[in-house]
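J.: The structure's right below; bear with me while I get my questions together.
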Amino acid sequence: MSGRGLGHGMPLLEALAERKPGPWGDPSGGGVSQRPGPWSLAAAALSPRTARGEEGQEPKATLQNGEKAQLEVVLKTVPEDDSRTHLPLKYFLVQGKEEDPGELRGCQEEANESDSEGASDLEEPRGLFDLSGRSQYLAACEAYGVVPISSFLHHMHDSELMLKHRGLGPQGAQALALALMNNTSIVRLNLSDNWLNEEGTVAIAGMLKENCFIADLDLSDNKVGVKGAKALCAALMENTSVRRLRLSGSDLGTHATKDVADALMVNTKMELLDLSHNLLDEEAGERLGPALAENIGIKELNLSWNHLRGSGAVIFARGIGLNTYLRVLDLSYNGFGDEGAAAMGEALRVNGVLEELNMNNNRISLPGALRFSEGLSENRTLRSLSMGRNPMRSEGCLSILRAVQMNPYSGLMVLDFSDIHLNKDFEDLACSMKEVSPQLCIKHGNPRA
């Protein structure tokens, strides 16, 4: 409301009062009501010269005082009825007139339009998709009654998320899985040692069916169990983005290897699989061997610290012989024995892709070493061989070293016989081979007392 709309000085106020006395009295004292109204109060607040309209009075002060007085009148006339509180001020300026329904309806529509525009400005845009999963995670944490992990909230836009040793538990894993379904940034996820158990692993497996960005997943030391392994393997039959999966120390057991074998037969994208420390026995070897013979994706496999032995070790070795993709194989701390060593020697004879083999601590004695060396004499691809801590004695190590010497196509660069008693004959042959093949590194040394 501007000063121009109110007029100049007291003459306008008096004229308005004469046309419309209003409910506060007649400013002219005409007898309508003796109760002083705002017009008379405004006039009394002015100086005598201003009230009489004498010349020389500055009009600016008069306009400000008149405007304040009339604004007070307008504000006092606003009704308390909720149905009219949103009407514009111009409605109340004509309140003394007889209400026109059409005019009132038009004022109400303008008010509603104004309110609608203001509300739309405050509302968040709809239809936006949360690519980080932050909103889903906070809502899920509240639903499951768990505390949100600040590290996840701070790094959900990074390519790598390290959450090991956090004690998530099954419910924390379920909340995290809901958020990761929509996350498009994280490609490496480490959830090792979080007590996920079977329920938490099932939730992570469900997430893998939706998320196509995670390529490196570590679920080691989480008590995955048979149920969790089954759900995870079912997800890997559909998921084609996971390239590296670590399940070390997950209590898989022999029964879980059936699901693992089925997944290896179907999944052709996974390149690294870690199943170490899982109590896998002969039956596990019998199931994994044929699956590896058909698999065309795995390049690195870790089966160390299990119980692969007997017929299971033999069948597994046969599968390695038929595999055409595996590059790195860790079989240390199993129980292959002499029969398993002989079968692995035959596998090396026909396998043309394996580059690194770790057979440390596998109960391989002298007979097993002799038969193993027969296949090694024809291998062309192996680059690193570890045979340490096996009871093959110096004679067994010497037979393996001679097999390498007699193979003109041998590509071995590292040969490890750590913690095995070696005699002078072995040391002499090792020194002579270093002169002919300086690229060959032979590690040996007697066990520490």
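J.: Could you tell me which residue of the stretch 250-309 is farthest from M387 (Cα to Cα), considering only residues that are in contact with a helix residue (DSSP H, G or I) (Cβ under 8 Å, 6 or more places away or on another chain) and of a type in the set (S, T, N, Q)?
T.: N267
J.: When residues of the stretch 152-186 are filtered for being within 17 Å of I204 (Cβ to Cβ) and part of a helix (DSSP H, G or I), how many remain?
T.: Qualifying residue count, the stretch 152-186: 13.
J.: Within the stretch 179-224, which residues are closer than 14 Å to V242 by Cα and among the acidic types (D, E)?
T.: Listed by number, the residues that qualify are E210, D216, D218.
J.: Sticking with this one: Out of (1) under 30 Å from V260 (Cα atoms); (2) more than 10 Å from the chain's Cα centre (by Cα); (3) surrounded by fewer than 22 Cβ atoms within 10 Å (Cβ to Cβ), what's the single condition that is false for G200?
T.: Looking at each condition in turn, G200 falls short on (3).
J.: Among the residues that make up the stretch 292-302, is at least one of them crowded, with 21+ Cβ neighbours inside 10 Å and among the small types (G, A, S)?
T.: no
J.: In the stretch 389-428, which residues are outside any loop (DSSP other than H, G, I, E, B), among the aliphatic types (A, V, I, L, M) and either crowded, with 16+ Cβ neighbours inside 10 Å or in the same structural domain as D330 (by TED's automatic domain parsing) (or both)?
T.: Those that are outside any loop (DSSP other than H, G, I, E, B), among the aliphatic types (A, V, I, L, M) and either crowded, with 16+ Cβ neighbours inside 10 Å or in the same structural domain as D330 (by TED's automatic domain parsing) (or both): L398, I400, L401, A403, V404, L415.
J.: Take the stretch 336-373 and flag every residue that is over 20 Å from L301 (Cα atoms), part of a loop (DSSP other than H, G, I, E, B) and among the aromatic types (F, W, Y).
T.: none
J.: Let me ask another. Within the stretch 208-228, can one find any residue that is closer than 18 Å to W305 by Cα, surrounded by 19 or more Cβ atoms within 10 Å (Cβ to Cβ), β-branched (V, I, T) and touching a residue at least 24 places away in the same chain (Cβ under 8 Å)?
T.: Within the stretch 208-228, one or more residues are closer than 18 Å to W305 by Cα, surrounded by 19 or more Cβ atoms within 10 Å (Cβ to Cβ), β-branched (V, I, T) and touching a residue at least 24 places away in the same chain (Cβ under 8 Å).
J.: In the stretch 219-244, how many residues are within 14 Å of the chain's Cα centre (by Cα) and within 18 Å of A175 (Cα to Cα)?
T.: Adding up the residues that qualify gives 1.
The values are calculated or read from the model by the stated rules, or taken from the named source; none is laboratory data. Small disclaimer: the values here were computed from a predicted structure and weren't measured. All Cβ positions, even for glycine, are placed from backbone atoms using ideal geometry, and neighbour counts span all protein chains on display.
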